[in-house]
Amino acid sequence: MEEMLAIFIASTLRLAMPLMLAASGELVSERAGVLNLSLEGMMLTAAFFGALGSWASGNPYLGVACAILASVVVSAVQAWLSVNLRANQLVVGIGFNILALGATTLLYRIIFGGLSREEIPGLPKLAVKGLSDLPFAGTAFFQQSVIVYVGLGLIVLIWAMLNHTSFGLAVRAVGDEPRSADKAGIPVNATRWKAVLITGFMAGFAGAFISIADIHTFTENMTNGAGYLALAAVIFGGWNVGRTIAACLLFGAATALQFQLPAMGINVPTAFLLMLPYLLALLAVAGVVGRLEPPTSLTLPFQRGK
Amino acid sequence: MSQPTGSLLSLKNLGKRFGSLQALEGVSLDVRAGTVQCLLGENGAGKSTLCNLIFGVYEPSAGDMAFDGAAWAPESPAVALEKGIAMVHQHFSLVPRMTVVENLMLGQVRGVLKRHEFGARIRDIAESFGFSLDPDAVVGELSVGERQRAEIVKCLMRDPKLLVLDEPTAVLPPGEIGALLDICRRVADSGRAVILVTHKLAEIAKVADRVVVLRTGRLVADESMAEADMGALVHAMVGRELRPLDVALAETDEDVETPEAARGFALVCDGLTVHDRHGAVRLDNFTLEIRPGEIVGLAGVEGNGQSELGMVLAGLLRPTEGHFYIGGSDLTHAGAAAVTAAGGGIVPEDRHAVACVTGMSVAENVFLNKLERFTRFGLLQRGAMNAAAQKQMKEFDVRATGPEVAFSGLSGGNQQKAVLARELTLDPLVALVAAQPTRGLDVSAVEAVYRQIRAAARRGVGVLLISSELDELLAVADRVAVLYRGRLVGERPAEMSERGAIGALMSGQIVSGQVA
């Protein structure tokens with residue numbers, strides 16, 4: 001039983017990881033007032049280019065770099081459209097997601113057509129010396145892919161940045177009252193640009209985790225809604241880093257149940273378990289669990305004097 | 001340069017022109033360190049323009065300024081702030097969801113935030129001027145007075161030589177005004193100069209050392225407060241000669257006997273009280289009765305409850321207490337459609353946001369509240385509607401190429417005339433509530449609007465005319481009631497000779513009775 005629990009925790013962490021990475025990145029840009037509905041598209045693009053880079057170079061770390069680069073490029077276009085051109089962020093985001101699905105599917109079929117299902121070089125699991133052999137915690141926490149430890153570190157950095165640095169202060173100010181921030185001498189659009197690029201960076205990491213660290217291959221539409229779940233987690237978490245991470249872990253746990261319950265001989269329809277994280281997300285976004293206020297200027301572009 | 005000793009800021013023949021509008025002309029004044037100077041004037045008298053020149057928002061088109069012993073020509077507010085002039089604006093620039101210390105650090109610090117250190121500085125500054133401020137309080141949870149104090153500390157942290165406060169009492173509940181004045185006094189006593197911009201002289205008289213009065217862009221009085229005669233200052237602020245509007249309307253006013261309905265009033269407000277969501281009283285026990293055929297002007301400086309009253313009477317805001325009746329029926333909780341059905345015509349204050357749908361055609365806007373007239377089996381009879389609209393446009397002199405052009409393409413005056421056309425053709429029409437109906441209109445449009453309102457009154461409609469333009473009220477209304485801080489503080493006949501008395505009521509100098 002204890003063994004089961006340890007495995008459950010480990011798989012929860014593994015399944016929640018891409019959500020945590022993407023959601024904490026998205027949190028930064030939403031706090032700055034820009035909604036990236038394109039998060040799903042960024043992750044899918046990253047997953048594909050990560051797989052491609054890793055396969056072509058034979059080096060999974062180069063693959064991660066490719067994933068991040070691809071996602072940051074997508075986020076730069078998103079930032080240009082939503083910050084400079086003041087395009088409707090919802091429409092731009094949906095457009096990106098459809099484009100990313102089409103483009104990665106097409107490229108996948110062209111490049112990998114005959115080699116589908118071939119395993120790509122993946123990242124090693126890193127057993128933390130001295131800790132991985134601990135009876136319970138070892139299995140639960142310390143036999144994860146390298147990217148998990150790096151990712152957790154990045155999330156802590158994001159938390160510290162938002163709450164304890166002048167840049168974080170600027171991010172929160174431009175997301176709430178860009179006019180006041182402007183008066184205080186904060187460059188509103190530049191701050192938003194940086195925030196969106198941080199989202200791109202983290203989404204790239206998340207995409208790389210899915211294809212390179214976790215599954216070791218690319219399949220069509222392999223993110224399968226993880227970006228949307230991450231967006232839901234940000235709302236569920238009330239635009240607060242700690243609560244957002246908790247929401248991601250909850251979604252991760254709900255997904256892990258799919259594998260855990262049958263293994264424990266508990267008979268629940270698989271379809272229900274597949275649905276569970278999305279159902280939770282829906283309830284969360286509808287405000288059933290207590291709604292928190294979004295940043296005041298979320299999705300509202302800034303224009304001086306208007 | 002020969003400056004009077006102790007003069008911190010001196011202006012010489014300062015002028016500012018915007019296109020054809022001379023906003024400021026020949027203004028000369030001196031502000032001494034260690035004093036509180038009051039800058040008094042009505043809306044549009046040029047107070048804001050003057051502040052914006054000092055603060056580097058605009059460049060003067062004539063005259064010279066000197067500050068702190070040198071010629072003064074700041075190219076931007078940032079430069080002005082840098083060199084020692086700080087300004088507390090009427091609309092605060094704080095982020096409500098951040099704490100006081102976070103707001104004050106914004107744009108001022110780099111790198112890792114040291115909340116404790118900065119918070120201690122905030123406490124010290126606040127205490128040195130005799131008040132307290134919790135640096136860790138979330139701004140959105142503070143009272144308006146506390147927010148204003150945070151804003152003042154934000155300015156004082158820059159150690160300015162001159163502190164300008166724009167209408168600082170306008171947002172404050174009466175109880176907090178005294179505390180603000182104490183702070184101003186202490187700031188002046190610390191060797192700085194303070195300029196208080198206001199149109200409510202009575203409130204700040206206690207603290208001012210000197211008062212300058214602006215009227216239509218010119219300096220009309222500059223006196224030491226100790227020697228000043230309050231009545232004379234108020235007169236200087238509001239006194240004005242007859243304007244063309246009065247003549248124009250007088251010519252067309254053939255003094256018809258108003259048909260007084262035997263029973264009842266057109267509009268009755270009975271103890272209307274509105275609390276905003278922070279619990280502050282915006283409208284306080286407002287009671288007024290308007291007879292059919294009567295035009296009652298409601299004067300008052302903006303922000304004294306006019307907007308709330310307009311919203312209540314339009315059926316868009318539920319009063320906390322009290323009732324209102326149109327033609328005898330209680331519509332307090334009935335909503336906008338019922339107000340229209342009962343014969344309440346509403347010309348809203350905010351033409352763009354409330355009065356019309358700018359993307360729709362003129363015809364659609366004119367018949368927005370009576371579309372059912374042109375609807376058959378759920379389908380809109382566009383031809384009939386456009387024809388009817390054409391007729392009304394002619395009657396109300398709405399100038400547009402046709403009834404199908406977009407409403408947004410019309411000039412402000414024509415938009416307002418179209419709104420009037422819609423509201424004045426209600427059937428039945430018992431009462432008309434017109435809020436700031438001439439705002440932003442040129443003289444001829446103003447005249448046209450008032451002609452229509454008067455014509456309606458002659459047909460027996462009771463009119464409540466809410467306006468901050470006292471001259472217009474005096475020209476159009478039968479009597480003028482004055483709203484101050486949400487209360488009806490007095491009522492005077494609408495005669496030119498009453499101008500001073502009404503002005504005194506508006507400025508809160510007296511609560512009722514005679515001017516000093």
For B:Val57, are the conditions met, namely being part of a strand (DSSP E or B) and either away from chain A (no Cβ under 12 Å) or within 29 Å of B:Glu469 (Cα to Cα) (or both)? no
Cβ-Cβ under 6 Å pairs, at least 6 apart or on other chains, the range A:81-95 side free of Cβ contacts under 8 Å to residues at least 40 places away in the same chain, far side among the small types (Gly, Ala, Ser) and open to solvent by 20 Å² or more (accessible area, probe 1.4 Å): A:Leu81/A:Ala87
If a residue has to be assigned to a helix (DSSP H, G or I), in contact (Cβ under 8 Å) with a residue 60 or more places away in the chain and surrounded by 20 or more Cβ atoms within 10 Å (Cβ to Cβ) to count, how many in the range A:229-248 make the cut? 10
Verdict on B:Leu474 being more than 25 Å from B:Phe324 (Cβ to Cβ) and crowded, with 24+ Cβ neighbours inside 10 Å: yes
Count of the range B:62-77 residues which are open to solvent by 70 Å² or more (accessible area, probe 1.4 Å) and over 21 Å from B:Val187 (Cβ atoms): 4
Qualifying residues in the range B:18-46 (those that are surrounded by fewer than 23 Cβ atoms within 10 Å (Cβ to Cβ) and not in a strand (DSSP E or B)) - the one nearest to the chain's Cα centre (by Cα): B:Asn43
Considering only residues that are of a type outside the set (Lys, Arg), part of a helix (DSSP H, G or I) and exposed (fewer than 15 other Cβ atoms within 10 Å of the Cβ), which ones fall in the range B:385-402? B:Ala387, B:Glu395
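Residues are listed down the side, and each one gets a yes or a no for (1) open to solvent by 10 Å² or more (accessible area, probe 1.4 Å); (2) of a type outside the set (Gly, Ala, Ser); (3) assigned to a helix (DSSP H, G or I):
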{"position": "B:Leu163", "(1), (2), (3)": "no, yes, no"}
{"position": "B:Ala170", "(1), (2), (3)": "yes, no, no"}
{"position": "B:Glu176", "(1), (2), (3)": "yes, yes, yes"}
{"position": "B:Leu180", "(1), (2), (3)": "no, yes, yes"}
{"position": "B:Cys184", "(1), (2), (3)": "no, yes, yes"}
{"position": "B:Ala188", "(1), (2), (3)": "no, no, yes"}
{"position": "B:Val197", "(1), (2), (3)": "no, yes, no"}
Taking the stated definitions as given, is B:Val95 within 13 Å of chain A (Cβ to nearest Cβ) and touching a strand residue (DSSP E or B) at 6+ places or on another chain (Cβ under 9 Å)? no
Members of the range A:148-174 that are of a type in the set (Gly, Ala, Ser) and either facing chain B (nearest Cβ under 9 Å) or in contact with a Cys (Cβ under 9 Å, 6 or more places away or on another chain) (or both): A:Ala160, A:Ser166, A:Gly168, A:Ala170, A:Ala173
Check on B:Met65, of a type outside the set (Ser, Thr, Tyr) and in contact with a strand residue (DSSP E or B) (Cβ under 6 Å, 6 or more places away or on another chain): yes
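Results for (1) open to solvent by less than 60 Å² (accessible area, probe 1.4 Å); (2) more than 10 Å from chain A (Cβ to nearest Cβ), shown as yes or no for each residue.
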residue: B:Ala80; (1), (2): yes, yes
residue: B:Met87; (1), (2): yes, yes
residue: B:Gln90; (1), (2): no, yes
residue: B:Val100; (1), (2): yes, yes
residue: B:Leu113; (1), (2): yes, no
residue: B:Glu117; (1), (2): no, yes
residue: B:Arg121; (1), (2): no, yes
residue: B:Phe129; (1), (2): yes, yes
residue: B:Gly140; (1), (2): yes, no
Selection from the range B:333-350 of residues part of a loop (DSSP other than H, G, I, E, B), modelled with pLDDT of 85 or more and open to solvent by 60 Å² or more (accessible area, probe 1.4 Å) yields B:His333
Test: residue in the range B:286-295 that is at pLDDT 75 or above, touching a helix residue (DSSP H, G or I) at 6+ places or on another chain (Cβ under 8 Å) and aromatic (Phe, Trp, Tyr): yes
With the range B:427-516 as the region, which strands (runs of 3 or more DSSP E) entirely inside it contain at least 3 residues that are within 30 Å of B:Glu372 (Cβ to Cβ)? B:431-435, B:462-466
Check whether at least one residue in the range B:351-358 is assigned to a helix (DSSP H, G or I), more than 31 Å from the chain's Cα centre (by Cα), basic (Lys, Arg) and modelled with pLDDT under 90, and report yes or no. no
Where residues in the range A:252-289 are open to solvent by less than 50 Å² (accessible area, probe 1.4 Å) and in a loop (DSSP other than H, G, I, E, B), which of them is farthest from A:Asn36 (Cα to Cα)? A:Val268
Of the criteria (1) under 30 Å from the mean Cα position of the chain (by Cα); (2) open to solvent by less than 30 Å² (accessible area, probe 1.4 Å); (3) more than 19 Å from B:Leu426 (Cα to Cα), which one B:Asn365 fails: (3)
When restricted to B:Val109, B:Val79, B:Val57, the only residue farther than 30 Å from A:Arg31 by Cβ, without any contact (Cβ under 8 Å) to a residue 24 or more places away in the chain and touching a Ser or Thr at 6+ places or on another chain (Cβ under 9 Å) is B:Val57
Among the residues of the range A:178-226, count how many are over 13 Å from the mean Cα position of the chain (by Cα), away from every other protein chain (no Cβ under 14 Å), surrounded by fewer than 24 Cβ atoms within 10 Å (Cβ to Cβ) and not in a helix (DSSP H, G or I). 6
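The values are calculated or read from the model by the stated rules, or taken from the named source; none is laboratory data. In this text the structure is predicted, and so the values were computed from the model without any measurement. Cβ coordinates were reconstructed from backbone atoms using ideal geometry, including for glycine residues, and neighbour counts include every protein chain displayed. Protein only, heavy atoms only, side chains kept; ligands, DNA and RNA dropped before computing areas. Shrake-Rupley method; radii C 1.70, N 1.55, O 1.52, S 1.80 Å.
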